[in-house]
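I have a structure I would like to understand better, so I am pasting it below and will then ask my questions one at a time.
The values are calculated or read from the model by the stated rules, or taken from the named source; none is laboratory data. Since we're looking at a predicted model, the values are computed, not measured. For neighbour counting, all protein chains shown are included, and Cβ atoms are generated from backbone atoms with ideal geometry for every residue, glycine included. All accessible areas refer to the heavy atoms of the entire protein, side chains included, with ligands and DNA or RNA removed. Shrake-Rupley method; radii C 1.70, N 1.55, O 1.52, S 1.80 Å.
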Amino acid sequence: VRREREAVLCPGHGGLTRGTPGRQGDRAPLLSPALHDTWLALSLAPRGLQRTLRESLAAGHDAQSTLTTVRELARRKAAESAALASSLQAWLQGPPPAQLEASRAWLDGGPNRHFITWGESTWPPAFRGLRGMPITLYAEGDIGLLKHPQLAIVGSRNPTPTGGRIAERLAFQLAEAGVGIVSGLATGIDTCAHLGALRAQGITVAVCGRGLDEAYPSSNRRLATQIAESGLLLSEYSPGTPPQRAFFPARNRIIAALGRGTLVVEATLKSGSLITAKQALGFGREVFAVPGSIDNPLARGCHQLLREGAHLVESAADIVEILAPDLVESLADGAAIEANSPTPHSAASHPDERQLLDALDATPTSIDTLIARTGLRAADISSMLLIMELQGTVAIAPGGGYQKIRSTT
């Protein structure tokens, strides 16, 4: 698939966040009401003002100076254009009091709630160099996970039972190996991906299309609570903001940016998941797709991506084969995972894993042969091989099959 890398540098700028330290040891000082209100006003700036806003921040100006500059520009534009005057005047009045109050109340309502500003040390590293990212984020959970390598999994809101099982299984295997799973908390494939990661006791991040004060859809309220407790909920919309149709395509760009790659499992040709995949390409990310039956309308979006050059996925190992160098480097350097984070466990920590390792040598060996040698199930072997590959213990041979690449003790 043709890559379109959009490189717009966004140098750091100090800000304040709120909440408790994440797994990375990030500290989040209390955010003063005045600074909170300033950043919230900046985040709501009309589209035509955002270039000036970002240039000011990139030049090292603080939030208040930037707001003063942008407000002056807004006044000039309002005076010059009657068409723009109404919207600009509304923004110049500042965030509505009810919105300010809802945001402050939500932040005060729990110890693990955060308001993260552009350029802060807790700002997602994945956003660097990307155009169109928000300048503030609300988060609930462990903000240290924003530095963890993720894979985005998206797809139909009404998948087939098979599609749902595939999404959950792949998410489980990847999360068990230490890869974070990011999705959008929607019904269908998103839900299956989050559940798979949770079932593996792994990492999952949910990017929401409304304020974090309410779960959407309401049927996923319990799932949202689970993610907030062991993963991370994320939104660019302030608490009290109801869902709107336009918010969900906008949310997808954040999902695409956070993932080292995007996997699509069942999608129609007009699915929003294809938009996410195209956004991922624009960010220089890999795109993966699960093929399906030619009689299944939900397979047509994936087939279109495959025709355009997306990586075909039949197992989690297909994803790791492409992303392994990037993931192994991130997982090994200690920057993404701390001692209390779910990490790939030792390749020899379980008798089945030792048995599988003993069945491997430098000669490429197929999964069918490994099943015959060990008596283990194909699904279990695939999961263990995925973990071992991330650890650098085994590798996929050029002609197919797996081979041991170093001895273990």
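Tell me, what is the FRET efficiency for Thr52 and Gln201 to the nearest 0.05, using R0 = 30 angstrom and their Cβ-Cβ distance as r?
According to the calculation, E is roughly 0.10.
Can I ask one more? I'd like the distance between the alpha-carbon centres of the range 62-95 and the range 149-223, rounded to an integer number of Å.
39
What's the extension gain from Glu214 to Ala59 if we count 0.36 nm per residue and subtract their Cα-Cα distance?
52.2 nm
Please give every one of the lysines within straight-line cross-link reach of Lys270, meaning a C-alpha to C-alpha distance under 19 Å, and leave out same-chain neighbours fewer than 8 residues apart.
Cross-link targets: Lys278.
Averaged per residue, what accessible surface does the range 43-173 expose to a 1.4 Å probe, in Å²?
Per residue, the range 43-173 has 45 Å² of solvent-accessible surface.
For Ser293 and Arg165, calculate 0.36 nm times their separation in residues minus their Cα-Cα distance, and state this gained length in nm to one decimal. Before the final figure, lay out each step's value.
On the way: separation 128, 0.36 × 128 = 46.08 nm, distance 1.54 nm.
Between Ser293 and Arg165, full extension yields 44.5 nm more.
Using DSSP to call loops (not H, G, I, E or B), can you name the trypsin sites (Lys or Arg not before Pro) in the range 220-251 whose Cβ has at most 14 other Cβ atoms within 10 angstrom? Could the numbers behind the result be given before it?
Working: sites: Arg221, Arg222, Arg245, Arg251; in loops: Arg245.
Those satisfying the criteria are Arg245.
Test of understanding: what is the full-extension gain from Asp361 to Ala397, defined as 0.36 nm times their sequence separation minus their Cα-Cα distance?
11.8 nm is the gain from fully extending Asp361 to Ala397.
Tell me the label-point distance for the pair Arg245, Asp380, using the 7 Å Cα-to-Cβ offset, in nm and rounded to one decimal.
5.1
Excluding Ala85 itself, calculate the net charge of residues whose Cβ lies under 15 Å from the Cβ of Ala85, where each Lys or Arg counts +1 and each Asp or Glu counts -1.
Residues near Ala85 contribute +3 overall.
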